[in-house]
Amino acid sequence: MKTDVVILAGGLGTRLQSVVSDVPKCMAPIAGEPFLKYMLKWLERFSVGRVVLSLGHLSHVVTDWVGSDRSRFPFDITWVIEETPLGTGGGMRLALSKVQSGNCVILNGDTFFDVDIDAFKSAHMDSGCPLSIALKPMTDFSRYGTVSCNTDGRVVSFNEKRYCSRGLINGGVYCLTSDSGLMDGMPEKFSFEKEVLEPQALAGTINGYRCDGTFIDIGIPQDYSLAQQVLPANIML
């Protein structure tokens, strides 16, 4: 069965405002084309049946662009729009209302992490966990918190930002069993990180999936600059 993919693109993009301020972060130009276009073209490599965009700030910029030519991509593209900010968890849950596959992949709309989506989904299903996270190994870093796993590959904690010579970070790519109920009973607005990830880590129910693919966070100006060369070199539009 093909996979549904949710792209979280409803944030205000405040980290990128020094470089791009007039479009949503997912529409930030990379070599003259929207970042979202690179993400969608990259998803064509995998067995993806539908993409759900979770939108908010300046949503019309995205919907107008997608609506101008839906035939350019081989999968269905739809969206949800937050009328008021719902937090990372509330926005994700709203998007999940349009998911049709039993297991879905969730991506951040301002990061590119070159994870094999098909292999990631397969590993998630084999794990028996309701949630999996793709983890990126990094060296000599301080701008990200780290993730600790046990010998079984289960996530056990999310750690505060500090300098690390070597560690794993949360790459912002998740695989979720759609009927897991992880967000049942949550308020309308909530934090996915605080209200779902942290308790599930304590319960030992998150599968950690290590991947050393290219990772670029365009919300950070220096990575946004790097993306201008790396993405066009690796993704054919």
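The values are calculated or read from the model by the stated rules, or taken from the named source; none is laboratory data. Here the structure is a predicted model, which means the values were calculated and not measured. All Cβ positions, glycine included, derive from the backbone under ideal geometry; neighbour counts span all protein chains shown. All accessible areas refer to the heavy atoms of the entire protein, side chains included, with ligands and DNA or RNA removed. Shrake-Rupley method; radii C 1.70, N 1.55, O 1.52, S 1.80 Å.
Here are the numbers for the structure shown:
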| item | result |
| --- | --- |
| Residues of region 29-53 satisfying the condition of being part of a strand (DSSP E or B) and surrounded by fewer than 18 Cβ atoms within 10 Å (Cβ to Cβ) | Pro29, Glu33, Gly49 |
| Residues of region 21-57 classified as among the hydroxyl-bearing types (Ser, Thr, Tyr) and under 25 Å from Gln228 (Cβ atoms), total | 2 |
| Residue under evaluation Gly213, criteria (1) at pLDDT 95 or above; (2) more than 30 Å from Asn234 (Cβ to Cβ); (3) assigned to a loop (DSSP other than H, G, I, E, B), criterion not met | (2) |
| Subset of region 173-193 (residues that are over 14 Å from the mean Cα position of the chain (by Cα) and within 16 Å of Ser148 (Cα to Cα)) | none |
| Residue list for region 79-88, filter: modelled with pLDDT of 95 or more and either in a loop (DSSP other than H, G, I, E, B) or not hydrophobic (A, V, I, L, M, F, W, C) (or both) | none |
| Some residue of region 3-18 being of a type in the set (Asp, Glu) and open to solvent by 40 Å² or more (accessible area, probe 1.4 Å) | no |
| Single residue of Gly145, Gly56, Gly90 found to be crowded, with 20+ Cβ neighbours inside 10 Å, in contact with a Lys or Arg (Cβ under 6 Å, 6 or more places away or on another chain) and over 22 Å from Leu237 (Cα atoms) | Gly90 |
| Answer residue from region 148-160, given it is in a loop (DSSP other than H, G, I, E, B) and in contact (Cβ under 8 Å) with a residue 40 or more places away in the chain and is least open to solvent (accessible area, probe 1.4 Å) among those | Gly153 |
| Residue in region 153-160 that is of a type in the set (Val, Ile, Thr) and touching a Phe, Trp or Tyr at 6+ places or on another chain (Cβ under 8 Å) present | no |
| Hits in region 63-73 (condition: open to solvent by 30 Å² or more (accessible area, probe 1.4 Å) and either at pLDDT 90 or above or not basic (Lys, Arg) (or both)) | Asp64, Trp65, Gly67, Ser68, Asp69, Ser71 |
| Single match in Ile206, Ile169 (criterion: closer than 22 Å to Thr3 by Cα and at pLDDT 95 or above) | Ile206 |
| Residue in region 58-65 that is among the aromatic types (Phe, Trp, Tyr), in contact (Cβ under 8 Å) with a residue 40 or more places away in the chain, closer than 25 Å to Leu226 by Cβ and not in a loop (DSSP other than H, G, I, E, B) present | no |
| Flag for Asp152 being over 30 Å from Ala227 (Cβ atoms) and out of contact with any helix residue (DSSP H, G or I) (no Cβ under 9 Å at 6 or more places or on another chain) | yes |
| Test: residue in region 165-188 that is open to solvent by 20 Å² or more (accessible area, probe 1.4 Å) and part of a helix (DSSP H, G or I) | no |
| Sole residue being farther than 25 Å from Tyr209 by Cβ and open to solvent by 40 Å² or more (accessible area, probe 1.4 Å), chosen from Asp76, Asp126 | Asp76 |
